[in-house]
Amino acid sequence: MTDDPIIIPRRRTSYHELTDSDRELVDAARRATSRAYAPYSHFHVGAAIRLSDGSITEGSNQENAAFPSGTCAERTAAYYAHSAHPDARFEAIAISAMGTDGQPTPTPTPPCGACRQALLEYEKLAGQPARVILDSPGDIYILPSVSSLLPLSFSDF
């Protein structure tokens with residue numbers, strides 16, 4: 001038996017190298033971090049989803065003392081996007097984070113496992129890949145799809 005490494009494809013870029021459309025999405029995710037309710041972790045995350053109708057939906061993490069009742073930024077944005085625009089399909093999501101020191105995280109912050117699975121369902125619903133943009137002041141990672149974040153995923157539903 002051999003171990004095959006799982007490789008997650010990503011393109012490393014900078015904010016200034018992004019397309020106008022991707023920059024707009026990253027800016028929306030960065031703005032959303034300011035609306036996070038994170039009195040426990042002090043870790044503010046913002047997400048922005050571009051839909052096939054051209055709209056952008058933003059979300060931020062919302063914590064609650066009754067753990068695990070809070071919701072991550074990615075799921076907040078995804079659930080609102082589909083609720084408000086049920087006929088639109090996800091095209092891309094940008095995620096940005098502010099660390100406990102109140103500064104942008106030095107490296108891109110990927111979504112947690114629960115968010116990866118939730119986003120995968122919307123990608124499957126769209127019938128096409130939804131690009132993922134992971135933001136930080138230095139490097140920005142662009143992944144071709146949500147499924148690339150979740151290799152060996154549970155997706156036969």
Phe43 vs. criteria surrounded by fewer than 11 Cβ atoms within 10 Å (Cβ to Cβ) and closer than 25 Å to Gly102 by Cβ: no
Flag for Ala84 being surrounded by fewer than 14 Cβ atoms within 10 Å (Cβ to Cβ) and modelled with pLDDT of 95 or more: yes
Single unsatisfied condition, Ala32 versus (1) modelled with pLDDT of 95 or more; (2) hydrophobic (A, V, I, L, M, F, W, C); (3) closer than 17 Å to Leu143 by Cα: (3)
Residue list for region 110-135, restricted to those being touching a residue at least 60 places away in the same chain (Cβ under 8 Å) and among the β-branched types (Val, Ile, Thr): Ile133
Selection count where residues are of a type in the set (S, T, N, Q) and under 20 Å from Arg50 (Cβ atoms), scope region 131-157: 4
Qualifying residue in region 93-107 (condition: part of a strand (DSSP E or B) and over 13 Å from Asp135 (Cα atoms)): no
Sole exception among (1) assigned to a loop (DSSP other than H, G, I, E, B); (2) closer than 20 Å to Ala36 by Cα; (3) at pLDDT 95 or above for Pro68, by number: (3)
Any hit, region 123-132, residues being farther than 26 Å from Ala38 by Cα, outside any loop (DSSP other than H, G, I, E, B) and within 13 Å of the chain's Cα centre (by Cα): yes
Residues satisfying the stated conditions in region 1-40, i.e. buried (at least 16 other Cβ atoms within 10 Å of the Cβ) and small (Gly, Ala, Ser): Ala28, Ala29, Ala32, Ala36, Ala38
Matching residues, region 37-69, being closer than 30 Å to Ser145 by Cβ and of a type in the set (A, V, I, L, M, F, W, C): Ala38, Phe43, Val45, Ala47, Ala48, Ile49, Leu51, Ile56
Members of region 1-29 that are within 21 Å of Ala47 (Cβ to Cβ), touching a Leu at 6+ places or on another chain (Cβ under 8 Å) and among the β-branched types (Val, Ile, Thr): Ile8, Val26
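The values are calculated or read from the model by the stated rules, or taken from the named source; none is laboratory data. Computed from a prediction, not measured in an experiment: that's the story for all the values here. Cβ: placed from backbone, ideal geometry, glycine included. Neighbour counts: every protein chain shown.
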